[in-house]
Amino acid sequence: RARKFIRRHRASLAAGAASLALISVITVLAFIRVGAERDRAETEAQTATEVSDFLAGLFTGADPAQTSGADATARQLLAAGTARVREDLDGQPEVQSRMLHTIGTVYARLDEYTAAEDALNDALALRERVLGPDHPDVAVTQSGLAFLYERQGRFPDSEQAASAAVATLRDHTDTHASPLADALHRLAFAQARLIQVEAAERHIREAVALKEELYGPRSAEVAYSMNILGDVMNYAGRLDAPPSRSFQKRG
């Protein structure tokens, strides 16, 4: 009877089996995705806790009760923090790279260029090794190096680093739109200084459009990039060039 039933309903049974197999595959993939997202969330939470604990321990060193009443300067804290990051976090590359990136960025803003470049290059090497060269965190550190080179007037180096960051972050616009906008700004700034006017205009207008979506057309972030757009138009001799659409509508 079973054989007869199968012969008579072979097509229907095959379709049902295929549907069941498809449902099974979808279910397995869903469980895998949920598990991966859970693991990623747990990793992020653990990293955040480790960073918080590390910073708490670092700034305890600024407590007068711990330093015989002496005040610790920002540079002293950075120097002490850098030494501790390199030693205490040697076995935690993701946390170490995040801290080195932050330290490098702060050093760059303090015009401590050698220390900034050392920290950012080490952060970049760690992230490339642990996360892979196409990870968005790698691109964020490349953008940080572009900012450092910009402050040093090393515009070819800045363009190269920012271009690499933009190329990666374009594939992660849904989660890294803000870093992409910053990298585009860095890239346009370097290209403007190198008198690559057409490329600079294209990238700074893209940065402005992204920032308008993220922060609103009248935000400081948009105005910051609009200033670079003005420079680019000046270099091009286009002093009557229109601004972004939002500024045209409301300006």
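Some observations on this one:
- Stretching Tyr235 away from Thr173 to a fully extended chain increases their span by 19.4 nm, per 0.36 nm per residue minus the current alpha-carbon distance.
- Heavy-atom accessible surface of the stretch 93-183: percent carbon and sulfur, 1.4 Å: 47 percent
- Tensor-based shape of the stretch 74-174 (alpha-carbon gyration tensor, a/c under 1.5 rounded, otherwise prolate or oblate): oblate
- Placing unit charges on the Cβ atoms of the charged side chains and taking the dipole of the stretch 139-251 about its Cα centre, the candidate lying farthest along the positive direction among Phe189, Ser143, Pro179 is Phe189.
- When you count the other C-beta atoms within 10 angstrom of each residue and take the mean per peptide, 77-85, 230-238, 120-128 line up highest first as 120-128, 77-85, 230-238.
- Charge tally for Ala236 (other residues, Cβ to Cβ under 14 Å; Lys, Arg +1; Asp, Glu -1): 0.
- For His172, the accessible surface of its heavy atoms amounts to roughly 50 Å² (probe 1.4 Å, protein chains only, rounded to the nearest 10).
The values are calculated or read from the model by the stated rules, or taken from the named source; none is laboratory data. Since the model is a prediction, treat every value here as computed from it, not as a measurement. Here Cβ is always computed from backbone atoms with ideal geometry, including for glycine, and neighbour counts include all displayed protein chains. These accessible areas exclude ligands, DNA and RNA; they are computed on the full protein's heavy atoms, side chains included. Shrake-Rupley method; radii C 1.70, N 1.55, O 1.52, S 1.80 Å.
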